[in-house]
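The next block holds one structure in the form of structure tokens; read it before the comments.
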Amino acid sequence: MFDKAQFDRLGPWTTRFKFNGQSVGGGYEVGEDDPLLRAFIDRAPMARRVLELGCMEGGRTFPLARRVGHVVGVDARREHLQRARFIERTLGVSNVTFLESDVETGDLAALGTFDVVYNVGLVYHLSDPARLLRQCAEVAPEMLLWTHIVDDSDVEHRGYRGRFTTENPTDRIGGLRSRSFRPERSELVRMLDDCGWRDLEWLKDDGTS
């Protein structure tokens, strides 16, 4: 049963959900035919254990969970996970685990191994993206990555050319720290190679995404 009063108390919400034909929450909604979700399932149809990084309120977690064995969703903001667990209970989902962790400083290896990493909308919020990408390669053989890059650089950071971007830690969908690093396109490829991701398939190259 959907408890609208409790849903409202947990807000403000970023993600939009539908219950009994009623749309509630924020403006971010992931449809069942979402291109990233479809691309993921097309390439990893037999995935049993999936690690989702930056799961927020579960907007992508639950559609993903309907197609794979088990999803471990990780997010650093406790309020995101409180909302995600409310949706989990409301939907009666049993193949999702939500964990609170700062992936920029944490150890993914402590979570075990996975078939695939679902890494969407997170890397461009990090000050050291290579650290996370390297850890992803250590815990899974495959990864779907969606991120932003820059067209040119004005700084070299930890051996990669790119630009620093200002972040607002009080923004519930922003990074946890005051700045992030976004590499150039070619530098992202080199970074992935350095971190152990050498067999790359470009699904879509859309400007700086």
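The values are calculated or read from the model by the stated rules, or taken from the named source; none is laboratory data. Source: prediction; values computed, not measured. FYI the Cβ positions are ideal-geometry reconstructions off the backbone, even for glycines, and counts take in every protein chain you see. Calculation scope for accessible area: heavy atoms of the full protein, side chains included, ligands and nucleic acids excluded. Shrake-Rupley method; radii C 1.70, N 1.55, O 1.52, S 1.80 Å.
Overview of values
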read-out: Cα gyration tensor shape of segment 98-209, rounded if a/c is under 1.5, else prolate or oblate by comparing a/b with b/c; value: oblate
read-out: Cleavage-rule hits (GluC sites (Glu not before Pro)) in segment 115-209: DSSP loop, at most 13 neighbouring Cβ within 10 angstrom; value: E201
read-out: Rounded, prolate or oblate (a/c below 1.5 giving rounded, otherwise prolate when a/b exceeds b/c) for segment 1-109 by Cα gyration tensor; value: oblate
read-out: Computed [θ] at 222 nm, helices only, for the chain once each DSSP H run of length n ≥ 4 contributes -39500 (n - 2.57); value: -7500 deg cm²/dmol
read-out: Accessible solvent surface per residue of segment 55-161, calculated while the other protein chains remain in place, 1.4 angstrom probe, Å²; value: 41 Å²
read-out: Segment 34-113, accessible surface, carbon-and-sulfur percent (1.4 angstrom probe); value: 50 percent
read-out: With all protein chains modelled, accessible area of D8 [1.4 Å, Å²]; value: 90 Å²
read-out: Cα→Cβ-extended label distance, 7 Å offset, between D3 and W202, nm; value: 5.0 nm
read-out: Sparsely packed chymotrypsin sites (Phe, Trp or Tyr not before Pro) within segment 155-204, loop by DSSP, other Cβ within 10 Å at most 14; value: W202
